[in-house]
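I have placed the structure first, in the form of structure tokens, so that the comments after it can refer back to it.
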Amino acid sequence: MTVAAMTAAATLSAQSYRAVSPDGMTYVEVSQDNGKVVYTAGLRQVNSTDTVDVPMVLQSPLGIITSAGTWTSGLTLTDKSHGATSGRYTLRQGKQSTIDYNASKLIVTLKNQQGKSIDMEFFVSSNNVAFRYNIPEQGETAAIVVEEEATGFRLPADATAFICPQSDAQIGWKRTKPSYEEYYIWDEPITTLSQYGHGWTFPCLFHESDNGWVLISETGLTSDYCGSHLSDVTDGNLFTIAFPLEGENNGFGSTAAQMGLPNSTPWRTITMGKTLKPIVETTITWDVVEQLYEPSQEYKGSRNTWSWILWQDASINYNDQVTFINLAADLGWEGCLIDGGWLTNIGRERMEQLFDYCQQKGVAPWVWYNSNGGWNDAPQCAKQCMHNPIVRKQEMRWLQQHGVKGIKVDFFGGDKQETIRLYEAILSDANDYGIQVIFHGCTLPRGWERMYPNYCSSEAVLASENLYFSQGFCELEARHACLHPFVRNTVASMEYGGTALQKRLHREPGKGNTRRTSDIFELATAIAFQSSGQNFALTPRNLTEQPKFEIDFMKAVPTTWDETRYIDGYPGKYIVLARRHADKWYVVAMNADGQPRKIQFDMPEFASKTVTLMHDGKDGQTPTSTRTKLDRRGRVAVTLKPQCAAVVTE
Ligand code: CA
């Protein structure tokens, strides 16, 4: 069979339809099985004589239960259209700035026993399958509630998982969870039960021994749906789409989704790779969504100083904020984030003076807000400013008048549609006032970098604040850093707040938790963690205590990327990753293992060039920067001590 023949989406039988990616190597097959509609997704492998299907998501259920009809059994399946779609778009704040996509499309119709129909749309590109339900008006019914999805993902029983549990509702700091701030399970059997019994949050990474890797997530989530997650495994090896918990958002609002018709569900995405390269480099999250409004101005990436991360609540006062505005100016960074507590401790009048001072120093202010509302008890101010459009617009007008360029909104109520509406409302209003938005204590963003042009980044991860709070978290810092590029950060921007260069994590010298990673490891996270807005953990002491080359690196480090290339690694053990900003490549190699790791790779763009190699010295404790001429292959060979790293740039 030629590639061209395979590329054409072929009908296998009357009730089985197939779409194959334009390169012929990724497929999805939808079929009818005793009145149920099921699908299989996989990669195609070239053997010596033939090209064969290697299923990665085994036969799994499809279907949806709504107030206007149920499409889970007694179904008739017909195909509606086969086609192709391709295009190019730009993404200001992601892992790649110009993205070409090239996919096959398949739309099938599911008709139930009452004669009512919905469509399913499949998008199949190299290493990716995405699908969603398209629901037309049902007779005179133009408004429905989606009660449940039957959508599932069945994996080989011996697959292992790198996944993060969905938390109970209304637990944690002042009843602010769930907020995607839980510990992952690492490479454990898929039958492992989740800590809270509610399943697992997106994205979910699975290892299928010799066949490779599967990453499952969700994208295109708007105010027209709730955020979903995966159930615990049922039936031995089947994960299904689960909706939010009753208790989220202080128990208020439905766990279901309400929509006007015609409409579509979010996309379910499956990225598959024989190696981890397609997992780390995938752009499927953005390929299938659209920009939802025009940017009111040109938004740019921002490096911000941030007093709160190491100086904590007590630093939210006028003088300390001046110190951190000065630090931003000294570093040549774009902004300074003034964190929670400012309304009480500084007040609006003095904040306006700080904003004026920012203007004098050429530093953009970013300001923290509590999202509440009636869904958490968090006392940090300013609060009750973002939860309804009247106060929100007043607040944003004030921010705009004083040159504020960004807000960080914290402590959201969960994944219910009620809360997703708030995220979208904040983003849309903020764009009207020229303000970028970072979310904290929040859900996973799902395609938002492309959908909302002033969206910047989200936490949705156990982030750097935990280094301050817990020595145990410091012990795990390197492991997490070598996990996130494969999972959390590959589907969405991740506002981690990292690159702490102090060895002891406290305002006072000699106090606080001890960082276990090397200096170069911390510099490497500035490249490895993708977020167009970075609130780095540098403090004034760093300017005198660190080697000059470290500070020079941080002065110049970019936060937006034109290209991202996976080179080598294993989730939670090590990673070698390259990112390009304009003409300049940055390559990081990071080791989280307890043993030294020898790393060797070729970087063709560095061939025969003299590069800057930053490493931690033979003892792992002597940060060093050298200029090194590479050979004609651009070969880099380094041995990394545990929790050490190397950074190579032109
Ligand atoms: Ca947090």
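List the GluC sites (Glu not before Pro) in the range 540-632 that DSSP assigns to loop (not H, G, I, E or B) and whose Cβ has at most 16 other Cβ atoms within 10 Å. Which are they? The partial results should precede the final answer.
On the way: sites: E545, E550, E563, E605; in loops: none.
Listed in order of number, the matching sites amount to none.
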If you roll a 1.4 Å probe over the chain with all protein chains in place, what percent of the accessible area is carbon or sulfur? 47
What is the set of long-range amide H partners of Q530 at a cut-off below 5 Å, with H atoms built 1.01 Å from backbone N? M494
Measuring from label point to label point, each 7 Å out along Cα→Cβ, what is the T514 to E294 span in nm? 5.8
Taking only protein heavy atoms and a 1.4 Å probe, what accessible area per residue, in Å², does the range 90-166 have with all protein chains in place? 35
Within the range 173-239: Cβ-based charge dipole about Cα centre, in debye rounded to nearest 20 (Lys, Arg +1; Asp, Glu -1): 460
Here the range 301-316 yields Karplus 3J(HN,Hα) values (6.51, -1.76, 1.60; θ = phi - 60°; whole Hz; Gly and Pro given as x) of x, 9, 9, 10, 7, 7, 5, 4, 4, 10, 9, 6, 3, 5, 7, 7
Alpha carbon centroid spacing (whole Å) that separates the range 174-234 from the range 358-393: 30
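Can you give the FRET efficiency for T78 and T622, using 1/(1 + (r/R0)^6), R0 = 60 Å, r = Cβ-Cβ distance, to the nearest 0.05? List each step's numbers first, then the result.
Numbers: r = 68 Å, r/R0 = 1.13.
Calculated transfer efficiency: 0.30.
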Report relative contact order for the chain in percent, whole number only (criteria: Cα-Cα under 8 Å, sequence separation at least 6). 11
Please work out the C-alpha center-to-center distance from the range 65-127 to the range 607-642 and express it in whole Å. 47
Rounded to the nearest angstrom and ordered from largest down, what semi-axes does the equivalent ellipsoid of the chain get from its C-alpha gyration tensor (root of 5λ)? 40, 31, 21
Positive-end residue, the chain charge dipole about Cα centroid, Cβ charges, pick of T443, I325, G260: I325
Residues whose placed amide H lies under 5 Å from that of C336, excluding near-sequence neighbours: T305, A364, W366
Please work out the FRET efficiency for the pair T141 and D187, using the Cβ-Cβ distance as r and a Förster radius of 41 Å; give the result to the nearest 0.05. 0.30
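Calculate, in nm to one decimal, what Q114 and E246 gain on full extension: separation in residues at 0.36 nm each, minus their alpha carbon distance. If you can, show how the numbers build up before the last one.
Values: separation 132, 0.36 × 132 = 47.52 nm, distance 3.07 nm.
Gain on extension, Q114 to E246, equals 44.4 nm.
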Which value in nm describes the separation of the simple spin-label points at K598 and K361, placed 7 Å from the Cα toward the beta carbon? 4.9
Decide, for the range 231-297, between rounded, prolate and oblate: order the square roots of the alpha carbon gyration tensor eigenvalues as a ≥ b ≥ c, take rounded if a/c falls under 1.5, and otherwise choose prolate if a/b is larger than b/c, else oblate. oblate
Positive dipole terminus of the range 133-261, leading residue within P203, T234, V214 (C-beta point charges): P203
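Scan the chain and hand back the longest stretch that contains none of the chymotrypsin sites (Phe, Trp or Tyr not before Pro) lying in DSSP loops with at most 15 other Cβ atoms within 10 Å.
By the stated rule (loop sites, at most 15 other Cβ atoms within 10 Å), 294-650.
Kindly flag which residue pairs out of K95/K629; K111/K416; K408/K503 have an alpha-carbon separation exceeding 32 Å in this structure.
Correct reply: none exceed it.
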Simple SL model, points at 7 angstrom along Cα→Cβ for A607 and K105; separation in nm is 3.9
Hey, if you put +1 on the Cβ of every Lys and Arg and -1 on every Asp and Glu Cβ in the range 33-191, which of S125, S60, T78 ends up farthest toward the positive end of that dipole? S125
Treating the beta-carbon of each Lys and Arg as +1 and of each Asp and Glu as -1, no other charges, what is the dipole magnitude of the chain about its Cα centre, to the nearest 20 debye? 1520
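With +1 assigned to the C-beta of every Lys and Arg and -1 to the C-beta of every Asp and Glu, and no other charges, what is the dipole magnitude of the range 559-639 about the Cα centre in debye, to the nearest 20?
Roughly 240 debye, rounded to the nearest 20.
The values are calculated or read from the model by the stated rules, or taken from the named source; none is laboratory data. None of the values given here were measured: they were computed from a predicted structure. Cβ: placed from backbone, ideal geometry, glycine included. Neighbour counts: every protein chain shown. For the accessible areas, the whole protein counts, side chains as well, though only heavy atoms, and no ligand, DNA or RNA atoms are used. Shrake-Rupley method; radii C 1.70, N 1.55, O 1.52, S 1.80 Å.
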